[in-house]
């Protein structure tokens, strides 16, 4: 797969997941789409304005040079088709076609929880964030946040201090650290996690970029915890994305007179789980035995039935009935095997009796 053309279309304003998918379906290959004339791009469903942007980008961007520049900066490019693309993110509606990554994603990041909140954090919010992020990290859960001032930075720092992993999702290119005073923190994250963005390297930290990036924060996570948030906080946008994606939402209750607690208290009123202890998150997500799950997974697959199930499960969710159809196994055997595999952390149920494999690397499990 030639990632140059994925990057090229990512540089064109107005081409996201829906239009890129349409281009692939129409042309069969993104290289053909990139080289297509204006009328062919319009025939593929692009408006004249966006088609003209493609033509302009093609004339002005040296894709080979840009890819060399990305590689020289240690930036990885992940697309939908890469096994390393985060499985949890791929499950959401219209996941970003391309991710830029500095650092490393590991199988451990399959167990991730977002911790977000206001930039104007109180002493109470700081204490809760530190205790929560530390507890999650100590229990093998990756902490996801946005590298912003306040709650985000505290969450990253606490996870690192506890010896855990943390991911920072950015509203600009991963070659630019924003805010600039978090450069040292970003370097620490690179040693025990990653910086991610769906914005191309060189993209500045414009205000309009940050609300959409919150969709990635929730998409990478099994749950979102909002520690403190005012009534118009961006953390509330993250919480709404989490609801839309079917993820759990927790909010820390606070003083009803404090501006920083108005958003979180409102979330609780609307149905978010009130966070009364850090353990609440692990229990709600059945993550109280993450370390044991990791140890057990090193021995997978355990038998021929598990092998058959893993062979039919891909990154896309598959219903239990379809698993039965493809394996030819009795439904009772399939159900029992899935229960055991979920306990081991080999598969995850993503709602409606749909399952997805959680794999450490691209392996064909065949006997």
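The values are calculated or read from the model by the stated rules, or taken from the named source; none is laboratory data. Please read these numbers as outputs of a predicted model, since none were measured by experiment. Please note: Cβ atoms are built from the backbone with ideal geometry, for glycine as well, and neighbour counts cover all protein chains shown.
When you look at residue 270, is it surrounded by fewer than 20 Cβ atoms within 10 Å (Cβ to Cβ), within 21 Å of the chain's Cα centre (by Cα) and modelled with pLDDT of 90 or more, yes or no?
Criteria not met by residue 270.
On the given criteria, is residue 46 crowded, with 21+ Cβ neighbours inside 10 Å and under 23 Å from residue 177 (Cβ atoms)?
The answer is no for residue 46.
Is it the case that residue 28 is free of Cβ contacts under 8 Å to residues at least 40 places away in the same chain and out of contact with any strand residue (DSSP E or B) (no Cβ under 8 Å at 6 or more places or on another chain)?
yes
Can you tell me which residue in region 82-105 is farthest from residue 172 (Cα to Cα), limited to those that are in contact with a strand residue (DSSP E or B) (Cβ under 8 Å, 6 or more places away or on another chain) and surrounded by fewer than 17 Cβ atoms within 10 Å (Cβ to Cβ)?
My answer is 84.
From 214, 265, 172, grab the single residue that is assigned by TED's automatic domain parsing to the domain that holds residue 147, touching a helix residue (DSSP H, G or I) at 6+ places or on another chain (Cβ under 7 Å) and more than 18 Å from residue 95 (Cβ to Cβ).
Of the residues listed, the single one that is assigned by TED's automatic domain parsing to the domain that holds residue 147, touching a helix residue (DSSP H, G or I) at 6+ places or on another chain (Cβ under 7 Å) and more than 18 Å from residue 95 (Cβ to Cβ) is 172.
So, in region 156-172, exactly how many residues are within 28 Å of residue 97 (Cβ to Cβ) and touching a strand residue (DSSP E or B) at 6+ places or on another chain (Cβ under 6 Å)?
Summing the residues that are within 28 Å of residue 97 (Cβ to Cβ) and touching a strand residue (DSSP E or B) at 6+ places or on another chain (Cβ under 6 Å) in region 156-172 gives 7.
Each row is one residue, and each column tells you yes or no for (1) outside any helix (DSSP H, G or I); (2) without any contact (Cβ under 8 Å) to a residue 60 or more places away in the chain; (3) in the same structural domain as residue 213 (by TED's automatic domain parsing).
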| position | (1), (2), (3) |
| --- | --- |
| 118 | yes, no, yes |
| 129 | no, no, yes |
| 132 | no, no, yes |
| 140 | yes, no, yes |
| 156 | no, yes, yes |
| 176 | yes, yes, yes |
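Working only within region 201-216, note down all residues that are in contact with a strand residue (DSSP E or B) (Cβ under 7 Å, 6 or more places away or on another chain) and assigned to a loop (DSSP other than H, G, I, E, B).
Across region 201-216, the qualifying residue is only 201.
How many of the residues making up region 76-90 are touching a helix residue (DSSP H, G or I) at 6+ places or on another chain (Cβ under 9 Å) and closer than 16 Å to residue 221 by Cα?
5
Any chance you could count how many residues in region 182-198 are more than 14 Å from the chain's Cα centre (by Cα), crowded, with 20+ Cβ neighbours inside 10 Å and touching a residue at least 60 places away in the same chain (Cβ under 8 Å)?
1
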